[in-house]
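The values are calculated or read from the model by the stated rules, or taken from the named source; none is laboratory data. Predicted model only: the values in this text are computed from it and were never measured. Don't worry about glycine lacking a Cβ; one is built from the backbone with ideal geometry, like all the others, and counts go over all protein chains shown. Accessible surface areas use protein heavy atoms only, side chains included; no ligands, DNA or RNA. Shrake-Rupley method; radii C 1.70, N 1.55, O 1.52, S 1.80 Å.
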Amino acid sequence: MRTDARRHHDPQVRGFASDNYAGAHPEVLAAIALANGGHQVAYGEDDYTGYLQRVMHSHFGPTAEAFPVFNGTGANVVALQALTDRWGAVICAESAHINVDEGGAPERMGGLKLLTVPTPDGKLTPELIDRQAYGWDDEHRAMPQVVSITQNTELGTVYTPDEIRAICDHAHERGMKVHLDGARIANAAASLDVPMRTFTNTVGVDVLSFGGTKNGALFGEAVVVLNPDAVRAMKHLRKLSMQLASKMRFVSVQLEALLAKDLWLRNARHANAMAQRLAEGVRAIDGVEILYPVQANAVFARLPHAVSERLQKRFRFYFWDETAGDVRWMCAFDTREDDVDAFLQALKEEMVR
């Protein structure tokens, strides 16, 4: 087959900026090719999206229903709209992705209010939730209707199942629902060494934004409704939010490739292991401080600003708080031991310059 496409990058170059920088896993690409050819019904009535429902049932129980979407922000906006009224508000951590990294989409596109809470480690608790969980009868205040948590969090920390159960029980007792942003849910499950249902539907989470892209998909996530009684008009909201894929089979088959067997878990375990290797090496370098427990595939560190700037010329990564000198290093399913070791060597060299 002839192609006029050219490669415009060096496939051997890897950095530590984001697990979104990684390409698609070869097994996912093979699945896309398998789904190609011939005609399939559009807009989710295809055989692949139908089979994805069975796969989701195996992970999240027989009442789970998946609604594939294009991206994580879209998943979050659709999910939160389905859980709130026009006057509703969502309680979340100040560091939550929906608050910091989605360009105001939940508020501007979803039309809801975010009520944020500072946290020491990215995790909410019942006590922290109560800082914003009040005023349901006050017409001057947006009504708290949803608690949104992230697993694992934006700071790389992981909720235990008991911690999420406590949040769900607390929220439900106050008439609120619980949304879980699972952009890196696979990494959390690998870290805890438990099935994903153990900290989602089993403990009371109502709706999940399931992440595929950071775990090896080419593109595509899904809103997974775990409690059908908690949502309304999901199909309409997905379309209204411009997240309805016409050729949905190519999103669904990627999630099937990840979830039907253990690819999702293999990818996550590898990324987590590379983060642990990186953290162990960093701890041996004087002048570099690891800021949070390394529980998934992220390492947050503090080091001299000038060192980070020089190191960024050799490896891509981002400042998390440039004023404080805090940086974030992410590992992906395709991060190699050699990549980690080369980065550590470069960090050592820059620290002594």
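Solvent-accessible surface (1.4 Å probe) assigned to L240 amounts to roughly 130 Å².
Among 61-68, 141-148, 182-189, how do they line up from the highest to the lowest mean number of other beta-carbon atoms within 10 Å?
182-189, 141-148, 61-68
With a 1.4 Å probe rolled over the protein heavy atoms of all chains, the accessible area of T202, T119, T323, T49 falls in the order T323, T202, T119, T49, largest first. How many angstrom separate the Cα center of the range 282-342 from the Cα center of the range 227-272? Computed from Cα coordinates, the inter-centre distance equals 30 Å. Solvent-accessible area assigned to carbon and sulfur over the chain amounts to 50 percent, based on a 1.4 Å probe. Structure shown: which of K113/K247; K123/K348; K214/K239; K123/K247; K177/K235 lie over 27 Å apart, alpha-carbon to alpha-carbon? Result: K113/K247; K123/K348; K123/K247 exceed 27 Å.
For the chain, averaging the sequence separation of C-alpha pairs within contact (under 8 Å, six or more residues apart) and dividing by the residue count gives a relative contact order of 23 percent. Think of it as helices only: each DSSP H run of n ≥ 4 in the chain is worth -39500 (n - 2.57), and spread over all residues that comes to -11000 deg cm²/dmol at 222 nm.
Determine the shape class of the range 193-271: with a ≥ b ≥ c the square roots of the Cα gyration tensor eigenvalues, call it rounded for a/c under 1.5, and otherwise prolate if a/b is greater than b/c, oblate otherwise.
It comes out oblate by the Cα gyration axes.
Students sometimes get this wrong: rank V299, V231, V352 by accessible area, probe 1.4 Å, all chains present, largest first. Mind dumping the intermediate values first?
Details: V299 0, V231 30, V352 125 Å².
The residues order as V352, V231, V299, largest area first.
Ordering K177, K313 by how much accessible area each has at a 1.4 Å probe, largest first, what is the list? If you can, show how the numbers build up before the last one.
On the way: K177 65, K313 175 Å².
These residues rank, largest area first, as K313, K177.
In this structure S241 has an accessible area near 30 Å², from a 1.4 Å probe over the protein heavy atoms. Averaged over its residues, the chain has an accessible area of 46 Å² per residue, based on protein heavy atoms and a 1.4 Å probe.
In terms of its C-alpha gyration tensor, the chain has an oblate overall shape, because the principal axis ratio a/c (a ≥ b ≥ c, square roots of the eigenvalues) is not below 1.5 and a/b does not outweigh b/c. Find the centroid of the Cα atoms in the range 107-178 and in the range 25-102, then give the distance between the two in whole Å. Measuring centre to centre over Cα atoms gives 21 Å.
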